[in-house]
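Report on one structure; see the data block that follows.
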Amino acid sequence: MDIAYIPSPSTGVIHLGPIPLRGYAFCIIVGVFVAVWLGNKRWVARGGKPGTVADIAVWAVPFGLVGGRLYHVITDYQLYFGEGRNWVDAFKIWEGGLGIWGAIALGAVGAWIGCRLRGIPLPAWADALAPGIALAQACGRWGNWFNQELYGRATDLPWAVEISEGANRVAGTYHPTFLYESLWCVGVAVLVIWADRRFTLGHGRAFALYVAAYCVGRGWIEYMRVDEAHHILGLRLNVWTSIVVFVLAVVYLVLSARLRPGREAVVEPETPGATKDKGEDGTGGAAEDAAGARDTADGAGKDADQGAVKGEAEPGAKPAAESKASVLTKAAPADAEPADAAPAGTAEPKGPVTADLRKAEPAEGGSPEAGKA
């Protein structure tokens with residue numbers, strides 16, 4: 001009696017003339033485009049510039065592919081360097097084999113380089129891209145379906161995947177662990193988007209939530225798989241990796257929320273590279289500008305004070321605001337009598353009161369004190 005199941009494609013390659021179109025590579029490319037598209041929308045919504053996510057992805061994606069392949073080859077080295085194996089197969093990435101842990105780790109290095117060149121804080125960029133990365137994984141997992149790999153234990157459930165006879169596999173129906181992980185990643189993306197809106201996550205906490213949530217799902221899905229893997233204390237290596245990375249992500253969430261609450265005020269400077277001068281998260285620019293303005297004002301005040309002191313210290317110097325009338329008044333002796341002064345006892349002066357200014361002017365080349373005398 002036939003049971004319902006998910007059929008697998010008879011081949012993972014479609015030839016368009018001489019060009020082979022591989023299903024595994026196609027799924028990865030679709031995932032990258034989805035991640036960049038959603039990441040760009042979230043980046044612009046947080047105040048960033050359109051196109052920045054794609055510019056940094058140019059660095060992150062190649063690093064991520066290399067890191068993912070390295071992790072797979074290192075952890076499953078027996079598939080490429082064992083007896084009767086050909087080490088050249090380690091470079092055949094289209095045949096499958098990308099470790100998400102290596103892809104995220106080395107991809108973060110590439111993203112860090114791109115962010116440094118643009119003067120952008122890496123945690124802010126990672127927060128914007130986190131849901132997109134989860135959706136990219138959801139798309140990429142269907143590449144395992146094209147290659148008929150990474151399935152679980154045998155089952156007769158209606159959603160079992162049919163696996164045909166081939167190298168290192170036995171025909172039958174198995175748990176579609178690729179489908180389980182794909183659906184889990186979609187749920188992780190929805191969770192991160194909701195939590196980011198609800199709690200205003202920042203400083204890398206949205207990315208940490210994505211990592212923690214993914215590890216939870218990867219742990220139980222990995223436990224169902226039957227493909228060859230290394231075991232430590234009875235658990236598959238990737239299960240231990242999920243546990244360790246989950247703990248690290250949760251610790252980062254807690255510490256980051258205490259040390260740096262809230263979200264970055266500025267995620268992308270107007271001038272590329274400006275953020276590196278004003279702090280990694282771009283929040284120090286306003287304070288430094290204000291401090292610079294205060295320093296400028298203080299400097300101007302000091303210059304004015306020094307000028308005033310200098311003016312008082314120089315012999316014969318007169319204040320700039322002093323009028324000619326005041327100079328003349330100071331020049332005339334207080335006890336000098338005008339030449340045409342009215343006789344004592346008269347009510348009105350016989351003529352206008354004038355001062356002989358020649359007596360007050362100092363001799364040419366003399367000192368101000370000599371002039372006054």
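Residues checked against (1) under 28 Å from Leu122 (Cα atoms); (2) modelled with pLDDT under 95; (3) outside any helix (DSSP H, G or I):
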{"residue": "Ala25", "(1), (2), (3)": "yes, yes, no"}
{"residue": "Gly39", "(1), (2), (3)": "yes, no, no"}
{"residue": "Trp43", "(1), (2), (3)": "yes, no, no"}
{"residue": "Gly68", "(1), (2), (3)": "yes, yes, no"}
{"residue": "Leu79", "(1), (2), (3)": "no, yes, no"}
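Listed here are the helices (runs of 4 or more DSSP H) enclosed by the range 197-298 that have at least 2 residues being at pLDDT below 90 and within 16 Å of the chain's Cα centre (by Cα): 274-278.
Can you tell me which residues in the range 228-242 are touching a strand residue (DSSP E or B) at 6+ places or on another chain (Cβ under 8 Å) and without any contact (Cβ under 8 Å) to a residue 12 or more places away in the chain? Hit for the range 228-242 is Trp240, nothing else. The residues listed here are Trp184, Trp112, Trp101, Trp145; of these, the one that is open to solvent by 60 Å² or more (accessible area, probe 1.4 Å) and either over 31 Å from the mean Cα position of the chain (by Cα) or under 20 Å from Tyr223 (Cα atoms) (or both) is Trp184. With respect to Trp112, is the statement that it is without any contact (Cβ under 8 Å) to a residue 24 or more places away in the chain and in a helix (DSSP H, G or I) true? So Trp112 fits the description; yes.
Going by what's in this entry, would Val34 be described as in a helix (DSSP H, G or I), surrounded by 13 or more Cβ atoms within 10 Å (Cβ to Cβ) and touching a residue at least 60 places away in the same chain (Cβ under 8 Å)? Here the answer is yes, as Val34 does meet what is asked. Confirm whether Leu255 is open to solvent by 70 Å² or more (accessible area, probe 1.4 Å) and without any contact (Cβ under 8 Å) to a residue 40 or more places away in the chain. Criteria met by Leu255. Only residues that are touching a residue at least 40 places away in the same chain (Cβ under 8 Å) and either assigned to a helix (DSSP H, G or I) or of a type in the set (Val, Ile, Thr) (or both) were counted across the range 130-168, and they come to 19.
The values are calculated or read from the model by the stated rules, or taken from the named source; none is laboratory data. In this text, all values refer to a predicted model and were calculated from it rather than measured experimentally. No Cβ is skipped: glycine too gets one built from the backbone with ideal geometry, and neighbour counts run over all protein chains shown. Note: accessible area is taken over every heavy atom of the protein model, side chains too, but ligands, DNA and RNA are not part of it. Shrake-Rupley method; radii C 1.70, N 1.55, O 1.52, S 1.80 Å.
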